[in-house]
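Bear in mind these aren't lab numbers, they're just calculated from the coordinates by the rules spelled out. Because the structure is predicted, anything quoted here is derived from the model rather than measured. Neighbour counts are summed over all protein chains in view; Cβ atoms, including those assigned to glycine, are modelled from backbone coordinates with ideal geometry.
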Amino acid sequence: MSSIFEQYSLRDHVIILTGGCGLLGTQYAVDLVDAGAHVVVADIDEARAESVAQAAMVGKESRAVGIGVDVSDKASVTAMVKRVMDLFGRVDGLVNNAAINPKMDADAMKDHVLTFENYPVEMFNQSLAVNVTGMFLCAQAVAPIMLAQGRGSIVNVSSTYGLVGPDQRLYERDDPSAPKTFKPVDYSVTKAAVLGLTHYLAAYFMGKNIRVNTLTPGGVFNAHDEEFVRRYSARTTLGRMANKTEYSAGLVYLLSDASSYMTGANLVVDGGWTAW
């Protein structure tokens, strides 16, 4: 293997992946193990996290384990990181991927709950607790470990909706009798906050060999209806939604030595959504 490809290797790196049971999280787990990392699949449901970890290890030499964690709870995060240290003795990378993406269900649309004017503060605060405070707590928990090691990489996952406001026209329906839908406010606000956290931490760890970057994915196809796919695809310069496998290469890059001179940056993988 040439030296350029070796820079992308995560062989024997210990990576904590929060939100490891989601659509992208499960794919990240598989691909990080494939890149040689020992992966901790951390999610609210420990049994499911362990199942994802076991599936990711099939046919691989690297190890994966599932650990239950509530990222919005400091004690839970502290306990999770302690278990990681007991198992592996180090933490080389943290992927802050856990997030709430509010569901746009029929009842909420019918009752106009998703409109900004009516959006419940309880739902807004819940998203803040997971999407922002959760990242803060996880980064805070691994910071002393990475400082003691003299190296580490943290990747905070944002969204194109953290860069630009949602195009609410995507969520309209051709049926005029259907309830009007909106992408809720909390997702955009919290994903924008991710960028600020990345900038702060990258500057805070100046000279400590701890890199902090953001990965910003665009929309990924997940059995969306044809109407939505058509509208979304028309807004991208590549003319389509992403496949769930298309973000892992960027994640591996940010965690590996291939990005050794990159910190405080935002890697946008959005099919050209923000190009215009």
Exercise. Dipole of the chain (Lys/Arg Cβ +1, Asp/Glu Cβ -1, origin at the Cα centre): which of 102, 243, 5 lies farthest to the positive side?
Worked result: 5
Problem set entry | Angle in degrees between helix 134-149 and the longest Cα principal axis of the chain, rounded to the nearest 10 | 20
Exercise. How far is helix 185-204 tilted, in degrees, relative to the longest principal axis of the Cα atoms in the chain, given as a value from 0 to 90 rounded to the nearest 10?
Worked result: 30
Exercise. So how much slack lies between residue 55 and residue 103, counting 0.36 nm per residue of separation and subtracting their Cα-Cα distance, in nm?
Worked result: 14.6 nm
Exercise. Percent relative contact order of the range 1-136, based on C-alpha pairs within less than 8 angstrom and at least six residues apart?
Worked result: 23
Exercise. So if R0 is 30 Å, what FRET efficiency would residue 45 and residue 4 give, r being the distance between their Cβ atoms, rounded to the nearest 0.05?
Worked result: 0.20
Seminar exercise, completed: Only helices counted: for the chain, with every DSSP H run of 4 or more residues adding -39500 (n - 2.57) and the sum spread over all residues, [θ] at 222 nm is -12000 deg cm²/dmol
For this session: Under a 10 Å cutoff between Cα atoms, tell me which one of 233, 248, 62 has the largest fluctuation in the Gaussian network model of the chain.
Result: 233
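Quote the charge dipole size of the range 3-268 about the Cα centre in Debye, to the nearest 20; the model charges only the Cβ of Lys and Arg (+1) and of Asp and Glu (-1). It would help to have the intermediate numbers written out before the result.
On the way: 23 positive and 28 negative charges, 135 e Å.
My answer is approximately 660 debye.
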Exercise. Of the peptides 174-181, 139-146, 150-157, how do they stack up when ordered by the mean number of other Cβ atoms within 10 Å, highest first?
Worked result: 150-157, 139-146, 174-181
For this session: May I ask you to derive the relative contact order of the chain, considering only C-alpha pairs under 8 Å and at least 6 residues apart, and to give it as an integer percent?
Result: 18
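Figure the gain on full extension for residue 79 and residue 164 (residue separation times 0.36 nm, minus the Cα-Cα span) and round it to one decimal in nm. List each step's numbers first, then the result.
Numbers: separation 85, 0.36 × 85 = 30.60 nm, distance 3.58 nm.
Length gained between residue 79 and residue 164: 27.0 nm.
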Problem set entry | Amide N proximity, the range 8-35 versus residue 262 label position 7 Å along Cα-to-Cβ, cut-off under 15 Å | 8-10
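So, R0 is 25 Å and r is the distance between the beta-carbons of residue 173 and residue 238; what FRET efficiency does that work out to, to 0.05? All intermediate terms of the calculation are to be shown ahead of the outcome.
Details: r = 25 Å, r/R0 = 0.99.
Computed FRET efficiency for residue 173 and residue 238: 0.50.
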Seminar exercise, completed: The local net charge around residue 266, scoring Lys/Arg +1 and Asp/Glu -1 for residues other than residue 266 whose Cβ lies under 14 Å from its Cβ, equals +1
Problem set entry | Sorted largest first, extent of the range 46-150 alpha carbons per principal axis (Å) | 50, 34, 19
Seminar exercise, completed: Per the rule of 0.36 nm per residue minus the C-alpha distance, extending residue 118 to residue 189 adds in nm 23.9 nm
Exercise. To the nearest 10 degrees, how steep is helix 23-34 against the longest Cα principal axis of the chain, on a 0 to 90 scale?
Worked result: 20
For this session: Sorted from largest down, give the three principal axis spans of the alpha carbons of the range 3-268, whole angstrom values.
Result: 58, 37, 37
